[in-house]
Structures are given as structure tokens and as C-alpha cells.
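Comments concern the structure below.
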Amino acid sequence: MTDFHTFAAMSGYGMYVWPAYGLAVLAYGAVFIHALIKKDRLKKQQDEK
Amino acid sequence: MDCPYEGDIIMITRFANPARFERLAKILTPVFAVLSVLLLAFGLCDALLLSPPDYQQSDAVRIMYVHVPSAWMAMMIYASCGVAALMFIVWKHTLAELFLRAALPVGAVACALCLATGMLWGKPMWGAWWVWDARLTSVLVMMFLYIAIIALADAFDRPEQGGLAAAWLTLIGLVNLPVIKYSVEWWNTLHQPGSLSSMKRMADPALAAEMLRPLLVMGLGLMCYLALVIIIRMRTQILARKIANASGVR
Amino acid sequence: MMAVYRHFLRRMSRDRGLAAQGFAFFALSMMVCVFTIGSEDVLLTAILPGLAWALLLLSSLLGLGDLLEGEDLDDLILAHKSLPGLMAAKMAAHFTATGFVLALAGPLILFVILPAASLPVLCLWLGFMLGALSFSALGLLGAALTLGSRRNAALQALIVMPLCVPPLIFGAGALAAAQLDMGWHAPMAFLGAFACASLVLCPFAAAWIVRMKVTSS
């Protein structure tokens, strides 16, 4: 438990490190998911025709 | 529009090159997917767990492993967009326009993340979210250029014209970026050399191997990942054009 | 070419009274700034000249919207063999109608508002002239890029403003140096070089862009 806490605390910089990683995961993930959704939507549109 | 050949020419370029691209993309997609998963998984572990904290910055240095790859990708995507823009303007290569439209938003995201993570790194290290430093200002201008180019590409009723205008602005911005970088550096030494020297100190220390490794792995992983995203976006656009063409014929 | 220039200038001033409008916009925004900053002499002397540079940029965006739009463009392209020359004439007309007037009048406004002794006169006038020239050249580029697009004015501002960062930095740098009684010739020389380069290159680039757009439609 303490190990996890020290890891999460990032020697006091946790409130900067984790948002940086969180933002990156969110934004890069969103780009990927957006691309996939767009493709699926078009695929469906094509199949309907 | 009234030109009788134009339709044929567009059909030829549109289907000949993208078809070859589709074949290549089918091979590359799984390769990039596997590579990006492996590299990013190892890179994240390495960046967060295995690599040592910096002796000056302690664990805050771990922000570097998302910040610097994002900066690399923002610049790399802009540079490749510049090449694509030139190809599109000179040879009217349809694939180049597709690449421009697919890559620009991805580059803009990378640029935004570079700025955001840079701010998160700057606050604990410099004591300020933002500093009017050469590096920061030139990246900010690049961000605005990305936004302007994307807005320009979508602002036309005829998409070819939008692509053309966007390609031109990409090229012009390519010329502008080093000018901005140089001028602001010069400008800042006049006003506030403090922030500049701190930036140099950040860039200077030769990275230890244990820190260089996660940085390179994350950089490569992000490159593969974003390449994958760009390929997916390009294939989506080819699909969209096929559908539009088909409905246009009917 | 002179005839084309005069034609554009007349059109710009007849349709919109562009020079008067630009000047009024500049003066009004200056007034608004003074209201919001406060009318303390020391504060204004420190801030207002730099602010005038930013307002010069914004005001020179004004005439761009219909710089190249208009029914006569195709005819003009047919009538004149040299499209770059035509673009240069447009640029000159835009400069005369907006930038030139502001570059003359802007420092005058500053004289009226601020204690005159604190102003680097030559640096202001020279910088405003060179800056306004670069802004007009880059504005022409923006107008060429957005020619035929849907959302014109906002898009032009979005495109032109990042491109205008270098002259703005050189000009404001020279001004700041002059205000601190330091040598301002180096940044002014950079500004002059930028103005010269953009004056020569932008008409050609704009002509290229416009020709591609006209032939591709």
C-alpha cells in the first residue's frame, strides 16, 4: 500500500505528472476512437447502398 | 468544371494511386498496430516505473516522456505535411491531399499535447505555467498555424480548392517557422535572458541511457501509433470519396 | 499598372471609405484601451506604443475581406498579362488605404495622448511604415488563400495573424529598445528586410495561388 502511495505521489509532483499522462492518454485515445467511429459510420453507409 | 476531360483525369488519379495505397495500407496497418502496442506498453512501464528519477527534477522528469515525443510528432507531422503540400501543388497528387487532410488534425492534437504537458512541466520546474520563451512561442505559433490550415481546408464548397489553399498555407508556414524561432530567440535575449538560459539548461544535459531509452521507445511508439491513426483516416477519406463519387454518378 | 492601382484605390475608398474606417477603428480601439488601462501617464507611456503595434495589425486586417473578391477579377486577369503585377497593385492599394494612413496617423495619436518627450519619434514612424507594408503584403497572401471560401473575414484573420508574428516581434522589439534608450537599429533592419522580402515575394505567391484557383474552377 505504501509502495503504491509513494508511486502515486511521484515524490510530490503527482499533481503534475498524472494529469500530463492522463491528458495524453485521453487525447491520443480520442483521436484513434474518432478515426474508427468515422470509418465504421462510412462502412455502414456503404453497405446500405 | 466545364472541362470535358477533368472528370476522367480525376477518376484516373483518384483510383490508380489510392488503390496502390490501399494495398500498402493493408500490410502496414497490422504492423503499426502491433508495434505501437508493444512499444507504448513497454515505454509506459519504462517511463513510469523502471527509469530513475532525475537528480535535479526527481519524478517530475517523467513528464518528459510524453512531452518530448509529442513535440517530435508535432514537428515531424508538420514537416511531412510540408512535403505532401509540395507534392500536391506540383504534381496534383491526390494521395498527398488525402495525407494533408488526414495528418493535420493529428498533428494539431500532438502540438496541443506538447503545449499542455509542457505547461504541466513548467509549473513545478520554472514556477510558471507559461513563459514567453523562444521554444514555447514558436510552438504556439505552430499550433495556430495548424488551426488556421485546418480551418482553411474546410472553408471551401469545392474540397479541391480547400486542399490547394491548405497546401499553400502549409508551405508558407514551413518558411515562417524557423524565422519565428530565430527572431524570438533574438528578441528574448534582449528582454529576458533568464527564461532562455533555463530552457537551454533543460535541453543541455546529456541524457543518461536509462532516461534516453524510455524517451526513444515512447517516441517510436507514438510515431507508429499516430501513423496508424493517419492511415485509418486516409482510408476513411478514400471510402468517403468513393461513396460520394458513386452517388454522384447515380 | 498605375491605372489598376488607381482603380482599386478608388473602389476601396468609394465603397467603404476604407481609410476613414480604418483610422476610426484604430482611434476607437486606442480609446477603449486607455479606458481599460487607466489614464496614468507613466503606465500609458509604457504600454500604449506597444499596443499601437497590435492595433496596427488588427486595423490592417480590415480591408482584406473584399481585396480580391469581386466581379472584375476574371476580366482583370484577362486584360492584364501580368498577374503578379496586378497583385502588387492590389497590395499597394490596400497599403495606401489602410496601412499608410495609420502609419502616418497612429504616431500622431500617440503624440496627443502621451507626453511627447517620452516617444521615440523616428523609430515609431519608420517601424509603423515598414510594419504596415509587411502586413499588407501578408494580408494579400491571406486574401489569395481564402479567395472563394465561405467564411472569409474570420478565416483571414486566423491565417494572417500567425504569419504576421515576425514583423510584429521585430517592430515591437525595436520600439521597446528605443523606449529604453537602447540601440534599435538592428531589429529595425530585420523589420526592413522582412518588409522588402515580403513585398517582393507575396505578390508572386498570391498570383500563383489565384491562378491555380481560377484555372481549377
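Kindly write out, for segment B:73-80 in residue order, the coupling ³J(HN,Hα) from the Karplus curve 6.51 cos²θ - 1.76 cosθ + 1.60 (θ = phi - 60°), rounded to whole Hz, with x marking Gly and Pro.
Couplings: 5, 4, 6, 5, 5, 5, 5, 5 Hz.
Give the distance, in whole Å, between the Cα centre of segment B:78-140 and the Cα centre of segment C:135-161.
21 Å
Take every Cα-Cα distance within segment C:2-212, group them into 5 Å bins from 0 onward, and report for each bin the whole-number percent of pairs it holds.
Over segment C:2-212, the share of Cα pairs per 5 Å bin runs 1, 8, 16, 19, 19, 15, 10, 7, 4, 2, 1, 0 percent.
Might you report the magnitude of the Cβ-based charge dipole of segment C:2-212 about its Cα centre, with Lys and Arg at +1 and Asp and Glu at -1, to the nearest 20 debye?
For this selection, approximately 440 debye.
Run through all the Cα pairs of the protein assembly as shown and give the fraction in each 20 Å bin from 0, expressed as whole percent.
All Cα pairs, binned at 20 Å, distribute as 20, 46, 30, 4, 0 percent.
Only four residue types carry charge here, +1 at the Cβ of Lys and Arg and -1 at the Cβ of Asp and Glu. Report the dipole size of the protein assembly as shown about the Cα centre in Debye, rounded to the nearest 20.
Value, rounded to 20: 1360 debye.
In Å and from the alpha-carbon atoms only, list the Rg and Dmax of chain A.
Using the Cα atoms of chain A, the pair Rg, Dmax is 19.0, 59 Å.
Distance from the Cα centre of segment C:81-102 to that of segment B:205-248, in angstrom?
Computed from Cα coordinates, the inter-centre distance equals 43 Å.
Can you tell me the orientation of helix A:14-48 relative to chain A, as the angle in degrees between its alpha-carbon axis and the longest Cα principal axis, to the nearest 10?
10 degrees
Per residue, how many Å² of accessible area does segment C:2-212 show with a 1.4 Å probe?
41 Å²
Let me confirm one metric for peptide B:148-154, namely the mean number of other chain beta-carbon atoms within 10 Å of its residues' beta-carbons.
So the per-residue partner count for this stretch is 5.
When Cβ neighbours within 10 Å are restricted to other protein chains, what is their mean count per residue of peptide B:160-167?
Partner Cβ neighbours, averaged per residue: 4.
Just the Kirkwood number for segment C:155-217, please: inverse of mean 1/r across all distinct Cα pairs, in Å, one decimal.
Value: 13.6 Å, from the Cα pair sum.
Count, for each residue of C:133-145, the Cβ atoms from other chains sitting within 10 Å of its Cβ, then give me the mean as a whole number.
Mean number of neighbouring Cβ atoms from other chains: 2.
Probe radius 1.4 Å, ligands and nucleic acids ignored: give me the carbon and sulfur share of the accessible area of segment C:2-212 as a rounded percent.
For segment C:2-212, the apolar C and S fraction of the accessible surface comes to 73 percent.
Equivalent-ellipsoid semi-axes (√(5λ), Cα gyration tensor) for segment B:24-139, whole Å, largest first?
32, 21, 8
Where does the longest stretch of chain C lie that holds no trypsin sites (Lys or Arg not before Pro) found in a DSSP loop with 16 or fewer other Cβ atoms within 10 Å?
So the longest stretch without any such site is C:1-80.
List, in the order given, every pair from A:Lys38/B:Lys92; A:Lys43/B:Lys92; B:Lys92/C:Lys213; B:Lys242/C:Lys213 whose Cα-Cα distance in the structure shown is over 18 Å.
Over 18 Å Cα-Cα: A:Lys38/B:Lys92; A:Lys43/B:Lys92; B:Lys242/C:Lys213.
How high is the relative contact order of chain C, in percent, with contacts defined as C-alpha pairs under 8 Å that are six or more residues apart?
26 percent.
What order do you get for A:36-43, B:151-158 when each peptide is scored by the mean count of other beta carbon atoms within 10 Å, highest first?
Ranking the peptides A:36-43, B:151-158 by packing returns B:151-158, A:36-43.
Could you compute how much accessible area chains B and C hide from each other, both sides summed, with a 1.4 Å probe? Nearest 100 Å² is fine.
2800 Å²
The values are calculated or read from the model by the stated rules, or taken from the named source; none is laboratory data. Since the structure is predicted, the reported quantities are computational estimates derived from the model, not experimental observations. Using ideal geometry, Cβ is built from the backbone for each residue, glycine included, and neighbour counts are taken over all protein chains shown. We work out accessible area using only protein heavy atoms, side chains counted, and drop any ligands, DNA or RNA first. Shrake-Rupley method; radii C 1.70, N 1.55, O 1.52, S 1.80 Å.
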